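Note sheet for the following structure.
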């Protein structure tokens, strides 16, 4: 009677052991198995696998892409501007065996290496380059990180400089620079407009000079426009040539009078 009882207990224990050895992995998971301390050649999963403890030890590795935020770093650019810059890194484990066997914690190690790389790379660029060519800097950071994480079986797919915090003095200086740049552009645009208007006026003057009657028609059109406003004052345009002619006549008359006075003085008899 004792033998069947022991046999039943053994079967129950064996069944519990087999049930505890069954592991189910999701589609995005892989199991790295260490059997008696030795790494098996291939990871297992996804789906149903058996892990026979204590001979086997399983480490789950996720193949999904993860976002790793780099904390703000104090950076001095090449033009001696102090900044606080943080970034975000997108990475994934593409070789689970290396990600577990080569480093103790691939996420933590990638984070630490990203911090040092961020400080060294941004310390070699100027502030204007950081603000204007951020995509170029992101590609450089991604290339450096990817080269160093590849032996760990980790792929850095993208790096983005997330935020750049500048001192208040630098913000005010940049605001003044932007304002001066806008004023310069406004003056250039205004000058170009004046030049274009002057050029068109010259063309109009040449066109009106070919037909003198057109000038008179323009005068009449101006009077019509003034009369529409129901003004009590009527303005008659006077050609500038009329004033210039009058000035020449007055100057000629003044010159003739001066010559006559001089001749009279010369011909007058002396008192002796």
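Read-outs throughout are calculated quantities, based only on the coordinates presented, and are distinct from any laboratory measurement. Since this is a predicted model, take the numbers as computed values, not measurements. Virtual Cβ from ideal backbone geometry, glycine too; neighbours counted across all protein chains shown.
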Cα-derived Rg over Rh, computed across region 44-113 with Rh taken as Kirkwood radius:
1.20
Cα gyration tensor, region 66-171 - rounded (a/c under 1.5), prolate or oblate:
prolate
What per residue convex hull volume, in Å³, do the alpha-carbon atoms of region 13-61 yield?
63 Å³
Convex hull (Cα only) mean projected area of region 1-104, reported in nm² to one decimal
10.3 nm²
1/(1 + (r/R0)^6) with r = Cβ-Cβ of residue 18 and residue 115, R0 = 45 Å, i.e. FRET efficiency to nearest 0.05, evaluates to 0.45
Which length gain, in nm to one decimal place, applies between residue 26 and residue 10 when the Cα-Cα distance is subtracted from 0.36 nm times their residue separation?
2.6 nm
Exposure proxy ranking, count of Cβ atoms within 10 Å, fewest first, for 34, 7:
7, 34
